1. Hey, if we sort ARG602, ARG642, ARG255 by accessible area with the 1.4 Å probe, largest down, what's the order?
2. HN-Hα J couplings of region 532-548 from phi, Karplus 6.51/-1.76/1.60, θ = phi - 60°, integer Hz, Gly and Pro as x?
3. If each residue of separation counts as 0.36 nm, what is the full-extension length gain between SER413 and LYS7 once their alpha-carbon separation is subtracted?
4. Could you give the nm distance between label points at LYS384 and SER198, where each point is 7 Å from its Cα heading toward the beta carbon?
5. Percent of accessible area on region 464-552 owned by carbon and sulfur, 1.4 Å probe?
6. As a test question: what accessible area, to the nearest 10 Å², does SER165 have when a 1.4 Å probe is rolled over all protein chains in place?
7. Estimate the FRET efficiency between GLU256 and GLN728 by the formula 1/(1 + (r/R0)^6), using the beta-carbon distance for r and 41 Å for R0, to the nearest 0.05.
8. Hey, rough spin-label estimate for HIS653 and SER605, points 7 angstrom out along Cα→Cβ, what's it come to in nanometres?
Amino acid sequence: MEEQKLKELFDSLSIDDKVSQTIQLNGDLFVESGVMTTGPVKDLGFKKEPNFYEIGSIYNVNDYQKLYQIQKDVLTNSSHKIPLLFMSDIIYGFRTIFPIPLAQAGSYDFDLIQQAAEVSAKESYLNGIHVVFSPMLDLVRDPRWGRVMESPGEDVYTSKQFAKSVVNGYQGEKEMYLKENHVAACIKHFAAYGAPESGREYNQVELSNQKLFNEYLQPYQAAVEANCELVMTAFNLLNGVPATGNQWLNQTILRERFGFNGVLVSDYAAIAELETHGFAKDSEDAAKKALLAGVDLDMMTATYANGLPELVKKSEFAKRLDEAVWRILVLKNKLGLFEDPFRGLTQVNTGEILTQEAKDIATQLVEKSCVLLKNKSLLPLKPKSNQKIAVVGPYADSHFTLGFWASVSGKSSDVFTLKAGLLEQFDEEQLFFTRGFNLYESYEQFGPLKAGFEQLNGPIEEESFLLQQAIEQAEAADVILLTIGEQFLESGEGASKTNLQLPEKQIRLIKELAELNKPIIGLLYTGRPLVLTEVEKYFDSLLVVWFPGVMGGKGITNLLTGRANPSARLTMSFPKNEGQIPVYYAQTSTGRPLADSTHSERFVSKYIDAPNEPLFSFGTGLSYATFAGHWQSAKGNEEMIRCSYELKNRSEHDGWITPQIYLLNYSAEIVQPIKRLIATQHFFLKANEQKVMTVEIPKTVFTYFDNQGDLHFDAGEYVLQLDILGKQENLPIKIS
Ligand code: BGC
């Protein structure tokens, strides 16, 4: 629609119509046939029931037939015929569920990550979704927090690259921008939701401004620069002010400084929660504060609906409401909804969902996101040999390996299990499968879904029986392939934990199997870094497979047999114990560092009962190949430094490799991390191949913010560190 026409439509709206546009509700208010029902929203406490045919958007209806009916119903009954916006929690796949974001980021294959996002966008589009509530770009350094699985991890550079790839993948670029097969991205949660005190969900956040500017805000800003259309606020307080009512954060920083001009949606009920925080006196005050903070859409509360009609009698609020509604209409227009309110829905063709091409991308992403932490030459395994393998643990035959958010639109029945993958490549006689332990204590927690879970996962059995059976099977085998970890409800939203060790029954199983003196390969299914200190020594090889998505079984088997070679690197450190948390690589130096201090051993920065280093640090990740890299040269101009280095594959295995380049050791007005990642590259090298690579490092990476948010640049001496699978080489450079 031309802007002039959109303006005319906007001018024709009454205050009530405008307020309705700022309401976002769960799609439950529509029954199966798409007809409206007010039952489920009564509880929200609308003072005056809004005209639901005029509301702005709904979310988490993922059934295209239902969405079609809903849109039809709205267009028939609403007076202004403004189409509804359909949003959804598509976090790492619609039906083709990919590995969780924490895993994906470790692939460092940002093109592949973008391709996966394109698949998610296409499948969402074909099911009538207009906006996806992702990527989540909250920097995370505390694995107690369950939502680390949704984040690209602890590192700023990695998160920024991830942000750009996913936003571009969803929204499309150039002439395809928001067109067919693309959707708008809603990044979240602005800001710093990933740093809750004590790792406890929804807890407050205390951060210095410099840390906010230099680290936590960076990934969101990268997404805004990539043109993300929406931003979601966060639940947390930031330095005493709730993010959802924070004018400085949302207006001064997000809108003015970053130049964000799209729709700002509150997180679920976050506007009403301003009152619960003790930040707003009452509901009207909450509406006022959120509106002034620049929040355009009220997700799942009646606060705007109840409060705004009275508030907008004052011009300052009326102006803000107009801005909000205009932004919502502009988004609907950009998506082409006025021309085609059934966008995507008219083209539904289920044949295009979960296609072979999509599954191939998912398989590649599994291969590239599983992290090999340890390998005493046991891997790759030899299929079609005499080797007998006991496959122990419930994950091999489980369909519940998609992770927390996949249940919104994914289907566990789509999962290609590890068992299916192994049976494809090994002779049946080589393999014995045994459950080892129950993945769930009971299925009661799944309520009405209980029977389905039981059917796909098998009945709960006596633990001692399962243990005994596993030992017997393992005794008869040459190698034990042991699957361990978390079940999918243990991470994701609302799953903070204080104990990050494996459950007691899994530890017992590992120890009993170790008694048999057979080599053990561990496959760790998890949504977060766990504390593996007690058990790590029992494994000859250990592969973190995360929650790998629908093609997990295929990708993992390819890695086990060497059809694919592991190349992923951890994007979040695995602590030695919970007491070290937060433990991450980009630490600043204390005045009394453990190494290099003039003080006696006691009075340096350390623990008396644990090392300072995590068990597996950020960047850990092995390959079957052996790589080496050496700096060759560095030349600078006004904008960037061009460096070259030689890279060799010194093995008989072909493989992908991600050289990482860190910036080290320099002094500044604001003390900088001892090292921080500033560039990565991703290459395939054939066995024994050797190449010279170049990397361009923009001079902007040498800048940093102070506590006022002002940018600094110090000319001087720096060190670039090339890291090839943990082997490091330094290159001193001068920057003027
Ligand atoms: C989460 C968001 C999510 C929203 C809608 C909230 O509880 O924090 O990330 O998008 O619910 O489901």
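1. Largest accessible area first, the list is ARG602, ARG642, ARG255.
2. 10, 3, 6, 9, 3, 5, 7, 9, 7, 9, 9, 10, 8, 9, 6, 9, x
3. Numbers: separation 406, 0.36 × 406 = 146.16 nm, distance 4.74 nm.
Additional length available on full extension: 141.4 nm.
4. 5.8 nm
5. Taking all protein chains in place, region 464-552 shows 45 percent carbon and sulfur surface.
6. Roll a 1.4 Å probe over it and SER165 shows about 10 Å².
7. E(calc), rounded to 0.05, equals 0.50.
8. About 3.6 nm, to one decimal.
The values are calculated or read from the model by the stated rules, or taken from the named source; none is laboratory data. Quick caveat, the model's predicted, so the values are computed rather than measured. All Cβ positions, glycine included, derive from the backbone under ideal geometry; neighbour counts span all protein chains shown. Keep in mind that these areas ignore ligands, DNA and RNA; they rest on the heavy atoms of the full protein, side chains included. Shrake-Rupley method; radii C 1.70, N 1.55, O 1.52, S 1.80 Å.
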